[in-house]
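Worksheet: one structure, shown below.
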Amino acid sequence: RELHDSLAQSLTYLKIQASRLQSIFEHEREKAADNTPELELVVNDLRDNLNIAYRQLRELMTTFRLTVNGESFQQAIEDSVREFEKRIRIAFELDNRLGNDELTIDEEMQVLHIVREALSNIVRHSHAKRARVRLHHHDGNNICISIKDDGVGIDTTQKRDQHLGLIVMQERSRNLDGNFSVQESEGGGTEIQVSFTPKKIAMPV
Ligand SMILES: Nc1ncnc2c1ncn2[C@@H]1O[C@H](COP(=O)(O)OP(=O)(O)O)[C@@H](O)[C@H]1O
Ligand SMILES: [Mg+2]
């Protein structure tokens, strides 16, 4: 419901930008004026927002598939790891110690999307040989999720205006009332960690 709204909003905005682009082109043809800076701004903006819309659509599809197929959360995590594994020669290990029904549906979705974004980053950026996804209990009440690779590592000082993956992961962790961290893993690769207290433990029925 939330996602549908933001997707619709992104696409509406794209439509407006597209028609702006069209009128700039028309104007340019008439006057033969040099509008390239403005044109470039609009085109960049269009591209950024298309990326956002595309990302949201992908998440929606994942959520939809999960809900419609009635697939369990455990299976969805497993399927995600295998799906990304197919794309590249990285040895993925999955160590999921969570039982069924520990998380609410919303928590399951947040965790699933965090794991999928981290996997997608490993595939696209890490040049890793090995990667590991862990979902563990920690300190009794907490759940700790770690996605770790032995790749080139991540420059955490770098500014990332156009890159939303890590920002969205952080936002999702906040939705879980959890902690989010990006660290260098022992081998010099990257480790994403999210820990949170599941609602079912925080507020037992
Ligand atoms: N596992 C990783 N290994 C190496 N670099 C990474 C990893 N994850 C993310 N990065 C770096 O951090 C940047 C930001 O990631 P992200 O916010 O997901 O944006 P995007 O994937 O769209 O570039 C990436 O462009 C990449 O340079
Ligand atoms: Mg990314």
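The values are calculated or read from the model by the stated rules, or taken from the named source; none is laboratory data. As the structure is a prediction and not an experimental result, all values here were calculated from the model. As a convention, Cβ positions derive from the backbone with ideal geometry for all residues, glycine included, and neighbour counts pool all protein chains shown. Protein only, heavy atoms only, side chains kept; ligands, DNA and RNA dropped before computing areas. Shrake-Rupley method; radii C 1.70, N 1.55, O 1.52, S 1.80 Å.
Checking each residue in region 150-170 for being away from ligand 2 (no atom under 13 Å from the Cβ) and either surrounded by 13 or more Cβ atoms within 10 Å (Cβ to Cβ) or touching a residue at least 24 places away in the same chain (Cβ under 8 Å) (or both) picks out Asp150, Gly151, Val152, Gly153, Thr156. I'd like the full set of residues that are more than 12 Å from ligand 1 (Cβ to nearest atom) and either open to solvent by less than 10 Å² (accessible area, probe 1.4 Å) or touching a residue at least 24 places away in the same chain (Cβ under 8 Å) (or both), limited to region 134-149. Across region 134-149, the qualifying residues are Arg134, Leu135, His136, His137, His138, Asn141, Asn142, Ile143, Cys144, Ile145, Ser146. Inspection of region 135-143 finds no residue satisfying the criterion of being within 16 Å of ligand 2 (Cβ to nearest atom) and at negative phi. The condition (being at pLDDT below 85 and either of a type outside the set (Ser, Thr, Tyr) or over 25 Å from Gly189 (Cβ atoms) (or both)) is satisfied by just one residue among Leu60, Leu119: Leu60. Is one or more of the residues making up region 75-95 open to solvent by less than 40 Å² (accessible area, probe 1.4 Å) and on the phi > 0 side of the Ramachandran plot? No, because not a single residue in region 75-95 is open to solvent by less than 40 Å² (accessible area, probe 1.4 Å) and on the phi > 0 side of the Ramachandran plot. Can Asp150 be described as assigned by TED's automatic domain parsing to the domain that holds Glu78 and under 25 Å from Leu60 (Cα atoms)? Taking the combined requirement at face value, the residue does not satisfy it. Mind checking which residues of region 178-195 are farther than 14 Å from Ile143 by Cα, free of Cβ contacts under 8 Å to residues at least 60 places away in the same chain and not small (Gly, Ala, Ser)? Correct list: Val182, Gln183, Glu184, Glu186, Glu191. Looking only at region 171-197, which residues are surrounded by fewer than 19 Cβ atoms within 10 Å (Cβ to Cβ), touching a strand residue (DSSP E or B) at 6+ places or on another chain (Cβ under 8 Å) and within 15 Å of Asp106 (Cα to Cα)? Within region 171-197, Arg174, Asp177, Thr197 qualify.
Kindly provide the set of residues from region 71-93 that are in contact with a strand residue (DSSP E or B) (Cβ under 7 Å, 6 or more places away or on another chain) and part of a loop (DSSP other than H, G, I, E, B), ordered by number. Residue satisfying the conditions is Ile90 alone. Within region 56-70, is even one residue part of a loop (DSSP other than H, G, I, E, B) and either touching a helix residue (DSSP H, G or I) at 6+ places or on another chain (Cβ under 6 Å) or hydroxyl-bearing (Ser, Thr, Tyr) (or both)? Checked region 56-70: no residue is part of a loop (DSSP other than H, G, I, E, B) and either touching a helix residue (DSSP H, G or I) at 6+ places or on another chain (Cβ under 6 Å) or hydroxyl-bearing (Ser, Thr, Tyr) (or both). Criterion applied to Arg82, Arg116, Arg87 was being away from ligand 2 (no atom under 16 Å from the Cβ) and among the charged types (D, E, K, R), and the one residue passing it is Arg82.
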